[in-house]
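Here is the structure we will look at.
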Protein chains: 2
Amino acid sequence: MDDIDAYLTAQAGQFEDDLCSLLRIPSISADTARHGDVRQAADWVAGQFRDLGLPTEVIQTSGHPLVYAETPKVPGKPTVLVYGHYDVQPVEPLEEWISPPFEPTKRGGNIYARGATDDKGQMLTPLLAAPAWLKTRGKLPVQLKFVIEGEEEVGSDGLNGYLESAAAKERLACDVAVISDTSQFGPGQPAITYGLRGIAFFWLKASGPRQDLHSGTFGGAVTNPINAICRLLASLIDERGRIQVPGFYDDVAPLSDRERQQFAALPFTDAAFKEQIGVKGLTGEEGYTTLERRWARPTFDIHGIWGGQQVSKTAIPAKAGANFSFRLVPNQDPPKIIAATREFLQKRCPPGIEIELTARGASGVVVPLESPYVSAASRAIEQGFGRRPVFIREGGSIPIVTNFRQQLGVDTLLLGWGLDDDNTHSPNEKFCLADFHRGIKASAHLWQELAP
Amino acid sequence: MDDIDAYLTAQAGQFEDDLCSLLRIPSISADTARHGDVRQAADWVAGQFRDLGLPTEVIQTSGHPLVYAETPKVPGKPTVLVYGHYDVQPVEPLEEWISPPFEPTKRGGNIYARGATDDKGQMLTPLLAAPAWLKTRGKLPVQLKFVIEGEEEVGSDGLNGYLESAAAKERLACDVAVISDTSQFGPGQPAITYGLRGIAFFWLKASGPRQDLHSGTFGGAVTNPINAICRLLASLIDERGRIQVPGFYDDVAPLSDRERQQFAALPFTDAAFKEQIGVKGLTGEEGYTTLERRWARPTFDIHGIWGGQQVSKTAIPAKAGANFSFRLVPNQDPPKIIAATREFLQKRCPPGIEIELTARGASGVVVPLESPYVSAASRAIEQGFGRRPVFIREGGSIPIVTNFRQQLGVDTLLLGWGLDDDNTHSPNEKFCLADFHRGIKASAHLWQELAP
């Protein structure tokens with residue numbers, strides 16, 4: 001791989017120029033006034049592929065387009081689907097940016113701009129690694145299929161719709177998918193994210209009396225919708241952090257001893273975590289460590305609640321509402337969890353209250369640690385970063401990973417080069433330039449490792 | 001009493017003119033633009049007393065003035081403090097009034113105007129009964145002390161402040177107080193309200209992490225302030241409607257068999273009550289009827305709750321809050337209940353959450369049914385309304401009643417001539433003119449009955 005590594009070293013300055021060029025395009029997918037810029041970013045990405053002589057298509061969707069390109073099939077070697085996104089989050093509050101969000105600026109070894117880490121900088125790492133192979137060896141050791149979308153920050157409707165088509169299933173057929181849109185475990189410690197949680201998200205509304213009532217005259221006889229909603233929500237979990245919906249844990253994939261040992265070996269302490277978030281104590285499911293609870297156990301969180309007034313008015317309100325979610329883990333089935341939750345709440349709904357529950361869900365996923373693709377990724381990252389990655393899970397959900405599994409039948413390798421303090425979605429987003437180059441190198445090596 | 005009754009009959013037209021005259025003054029105490037009108041109403045009331053030749057004073061307070069007048073002391077007979085208020089609620093939404101709120105209009109035996117029942121119409125009943133005695137007999141059978149305030153609708157700060165002074169305690173010294181500012185049990189069925197609930201009102205705030213956190217990345221380890229507040233509030237009461245704060249029921253005055261029989265004999269059904277408020281079922285403390293629960297048992301109601309957002313954002317919010325109250329009954333002590341509640345919530349506050357609780361309280365009151373004043377009032381109402389009153393309690397709080405007990409050491413007779421559908425505080429407020437005249441007659445007879 002010396003030829004390829006040498007090419008990457010020689011091109012480092014050009015890579016940073018390319019990154020700045022893409023970062024200057026204000027491709028905010030949520031901002032209708034920026035739709036021309038989003039399209040310009042799609043064209044920029046397509047131009048990169050076309051410059052390499054790859055068959056490239058800008059695929060129209062219900063929203064912003066997908067950019068698709070592929071390298072030739074390599075007989076007997078796997079096909080790798082590389083996913084990324086060229087759209088970015090809004091930039092408000094603008095006054096908090098030290099340098100303007102669309103004027104990429106280098107400071108202290110980092111590049112500052114909206115999209116630096118999420119996901120333009122990370123997305124470019126495999127994209128810039130491809131010419132290293134093509135220019136030095138004329139071909140790649142595996143087939144690459146790139147699908148780069150422009151709606152990740154607004155729900156990926158276009159890509160999700162496209163994936164349901166037979167044409168997409170044929171075109172995107174592959175053996176494994178790769179995404180660089182997550183974080184390392186910490187500075188200098190790369191990671192492979194091999195598990196994500198799923199989610200069951202609920203909107204709950206409770207209606208009581210026809211109109212607000214005086215709590216003196218009516219209190220004690222009329223069921224108060226806020227009282228009811230607090231009781232219902234509190235009944236969903238016990239004081240040991242166990243969710244009370246019947247059958248909730250039936251399908252939960254238990255943590256293996258290997259995983260528990262790996263989590264325990266990570267440089268993580270509750271004390272530092274409490275300091276980071278500014279709390280004096282932690283809670284959660286009994287019998288599990290903080291990392292286990294954050295990455296591999298189901299949770300219950302209420303995200304919003306409302307009812308009545310914040311003034312000192314002694315009324316029984318007519319209505320109250322809340323939204324809440326369970327984070328799910330493999331192999332919990334969201335429709336089954338949603339149905340059981342509905343039955344649980346309906347059964348406990350007190351007289352005089354009517355509840356309305358709507359929900360949506362997404363499954364959690366894990367890539368088996370024994371997968372040869374995981375081993376290949378581990379070796380590639382060691383080449384790129386000079387250090388073996390740790391294996392981590394992530395408590396959030398990346399719906400496209402679930403969708404790749406459901407629509408294409410493949411696992412996804414989450415190989416992220418970001419850091420927790422990159423200010424993703426916030427002012428002063430940054431990406432470490434050294435990690436940018438290490439990520440390009442790791443990507444170039446990944447293809448070699450996937451085709452032994 | 002034939003002479004007095006005849007006088008009242010002869011003056012009926014004049015009484016209605018007087019009522020309309022007062023109702024035309026837009027004395028909205030909450031509206032700073034109406035302060036001149038509020039003052040005008042005070043002067044109108046003072047003018048009534050002066051026309052009778054009574055020593056009268058308009059007492060300045062921190063806010064709107066009190067109007068004070070008294071009749072001569074009658075040796076060996078009780079002194080009766082008559083309370084009322086000349087201020088009214090705002091009138092919005094104005095477009096819902098069939099006739100303008102300050103143009104009193106007679107329709108279907110009622111007079112429609114803001115303040116018709118609350119409290120100008122009711123307040124005038126004892127005030128107009130006084131000249132019946134003075135003009136026919138030259139004196140009253142008891143001493144009357146009138147205190148009519150202009151801030152009842154905005155918290156009575158002026159009167160409460162005045163009551164704390166030694167001068168007030170001397171001037172308002174009396175044997176019993178009378179207020180006509182409540183309702184009959186129903187049309188044609190007058191009532192004596194002999195009990196009111198007290199209240200302990202709480203503002204609860206819960207703080208968790210320093211800032212909102214992603215529920216995927218942090219959920220399962222960080223205590224969610226909304227989860228915490230729901231659990232804390234739900235823990236305050238069990239599924240049988242029993243409040244769980246230790247010692248909460250220790251001082252609750254039990255319902256006597258006589259009271260329970262009286263309540264049960266009232267023309268009240270759960271079915272009609274459910275229909276009235278638009279619910280399919282009722283709840284409350286086990287072992288008590290709906291009227292018992294509304295009038296004579298403590299309650300727990302959450303009036304407002306907030307935290308997070310109503311959008312589908314999967315965050316753990318940094319803060320949440322709620323306000324709630326217990327309605328208290330005699331002889332519960334608000335400071336004791338507040339302290340016990342604070343300890344109860346603090347003890348259950350989960351790790352990682354800090355709670356802040358502020359509270360205020362007012363005691364519940366009952367006038368013993370065995371009181372000779374209650375019997376006197378019962379006979380007077382029978383004279384005025386042609387029907388014996390029923391004895392009822394009211395679930396709400398009238399703080400001035402507690403204050404009269406605490407500052408003056410006297411019980412209050414709540415003799416109300418209104419009806420539940422009088423649209424108090426709402427558009428199209430009304431007062432039945434027949435009840436207005438019956439109320440004047442009952443007041444005139446009350447003084448006779450109080451001085452047997």
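The values are calculated or read from the model by the stated rules, or taken from the named source; none is laboratory data. This one's a predicted model, so the numbers in the text were calculated from it and none came from an experiment. With ideal geometry, Cβ positions are generated from the backbone for all residues, glycine too; neighbour counts draw on all protein chains shown. Surface areas here come from the heavy atoms of the whole protein model, side chains and all, with no ligands, DNA or RNA. Shrake-Rupley method; radii C 1.70, N 1.55, O 1.52, S 1.80 Å.
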- Item | Residue match in the stretch A:330-337 (condition: open to solvent by 10 Å² or more (accessible area, probe 1.4 Å), without any contact (Cβ under 8 Å) to a residue 40 or more places away in the chain and farther than 29 Å from A:ARG210 by Cα) | yes
- Using the structure shown, decide if B:ALA10 is out of contact with any Lys or Arg (no Cβ under 7 Å at 6 or more places or on another chain), part of a helix (DSSP H, G or I) and in contact (Cβ under 8 Å) with a residue 12 or more places away in the chain. no
- Those residues of the stretch A:185-238 which are at pLDDT 95 or above and acidic (Asp, Glu), in sequence order: A:ASP238
- Output the number of residues of the stretch B:175-192 satisfying the condition of being closer than 22 Å to B:PHE263 by Cα, of a type in the set (Val, Ile, Thr) and either in a loop (DSSP other than H, G, I, E, B) or open to solvent by 10 Å² or more (accessible area, probe 1.4 Å) (or both). 1
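For every residue, the table says whether it meets (1) among the acidic types (Asp, Glu); (2) touching a Pro at 6+ places or on another chain (Cβ under 7 Å); (3) closer than 28 Å to A:ALA362 by Cβ.
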residue: A:LYS73; (1), (2), (3): no, no, no
residue: A:PRO78; (1), (2), (3): no, no, yes
residue: A:ASN110; (1), (2), (3): no, no, no
residue: A:ASP118; (1), (2), (3): yes, no, yes
residue: A:GLY121; (1), (2), (3): no, no, yes
residue: A:VAL147; (1), (2), (3): no, no, yes
residue: A:GLU152; (1), (2), (3): yes, no, yes
residue: A:ARG171; (1), (2), (3): no, no, yes
- Task: Working only within the stretch B:231-259, note down all residues that are more than 13 Å from every other protein chain (Cβ to nearest Cβ), open to solvent by 80 Å² or more (accessible area, probe 1.4 Å) and outside any loop (DSSP other than H, G, I, E, B).
- Result: B:ASP257, B:ARG258
- Go through the stretch B:143-171 and give me each residue that's buried (at least 23 other Cβ atoms within 10 Å of the Cβ) and either more than 20 Å from the chain's Cα centre (by Cα) or not hydroxyl-bearing (Ser, Thr, Tyr) (or both). B:LEU144, B:PHE146, B:VAL147, B:ILE148, B:GLU149, B:GLY150, B:GLU151, B:GLU152, B:LEU159
- A:ILE355 fails exactly one of (1) in contact with a strand residue (DSSP E or B) (Cβ under 6 Å, 6 or more places away or on another chain); (2) without any contact (Cβ under 8 Å) to a residue 60 or more places away in the chain, namely (2)
- Message: Pairs needed: first member in the stretch B:301-320, within 7 Å of chain A (Cβ to nearest Cβ) and surrounded by fewer than 20 Cβ atoms within 10 Å (Cβ to Cβ); second member anywhere, modelled with pLDDT under 85 and outside any loop (DSSP other than H, G, I, E, B); C-beta distance under 6 Å; at least 6 residues apart or different chains.
- Response: none
- Do we find a residue being free of Cβ contacts under 8 Å to residues at least 60 places away in the same chain and under 22 Å from A:THR71 (Cα atoms) anywhere in the stretch A:22-41? no
- Would you check if A:VAL367 is farther than 20 Å from A:ASP251 by Cβ and either in contact (Cβ under 8 Å) with a residue 40 or more places away in the chain or in contact with a strand residue (DSSP E or B) (Cβ under 7 Å, 6 or more places away or on another chain) (or both)? no
- How many residues are in contact with a helix residue (DSSP H, G or I) (Cβ under 6 Å, 6 or more places away or on another chain), open to solvent by less than 10 Å² (accessible area, probe 1.4 Å) and closer than 19 Å to A:ALA130 by Cα when one looks only at the stretch A:416-442? 5
- Determine if the stretch B:230-244 includes at least one residue that is touching a Gly at 6+ places or on another chain (Cβ under 6 Å) and farther than 26 Å from B:LEU450 by Cα. yes
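So in the stretch A:193-218, with the set limited to residues that are of a type in the set (Lys, Arg) and either more than 10 Å from chain B (Cβ to nearest Cβ) or open to solvent by 10 Å² or more (accessible area, probe 1.4 Å) (or both), which one is nearest to A:PRO350 (Cα to Cα)?
A:LYS205
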- Message: Taking the condition of being out of contact with any strand residue (DSSP E or B) (no Cβ under 6 Å at 6 or more places or on another chain) and either farther than 29 Å from B:ASP420 by Cα or charged (D, E, K, R) (or both), how many residues in the stretch B:237-274 meet it?
- Response: 18
- Item | Residue that is touching a residue at least 24 places away in the same chain (Cβ under 8 Å), more than 8 Å from chain B (Cβ to nearest Cβ) and closer than 24 Å to B:ARG348 by Cβ, where the choices are A:GLU286, A:GLU292 | A:GLU286
- Where B:ILE353 falls short, out of the listed (1) more than 21 Å from A:GLY304 (Cβ to Cβ); (2) aliphatic (A, V, I, L, M); (3) within 11 Å of chain A (Cβ to nearest Cβ): (1)
- Query: Of (1) under 30 Å from B:ARG210 (Cβ atoms); (2) more than 8 Å from chain A (Cβ to nearest Cβ), B:ALA264 satisfies all except one. Which?
  - Reply: (1)
- Task: State whether one or more residues within the stretch A:94-108 are closer than 23 Å to A:ALA442 by Cβ and open to solvent by less than 60 Å² (accessible area, probe 1.4 Å).
- Result: yes
- Looking at B:GLY384, is it small (Gly, Ala, Ser) and either at pLDDT 95 or above or loosely packed, with under 14 Cβ neighbours inside 10 Å (or both)? yes
- Restricting attention to the stretch A:40-77, the residues that are in a loop (DSSP other than H, G, I, E, B) and within 19 Å of A:ALA168 (Cβ to Cβ) number exactly 10
- Residue in the stretch B:319-327 that is part of a loop (DSSP other than H, G, I, E, B) and not aliphatic (A, V, I, L, M) present: no
- Which one of A:GLU356, A:GLU275, A:GLU370, A:GLU286 is in a strand (DSSP E or B) and open to solvent by 60 Å² or more (accessible area, probe 1.4 Å)? A:GLU356
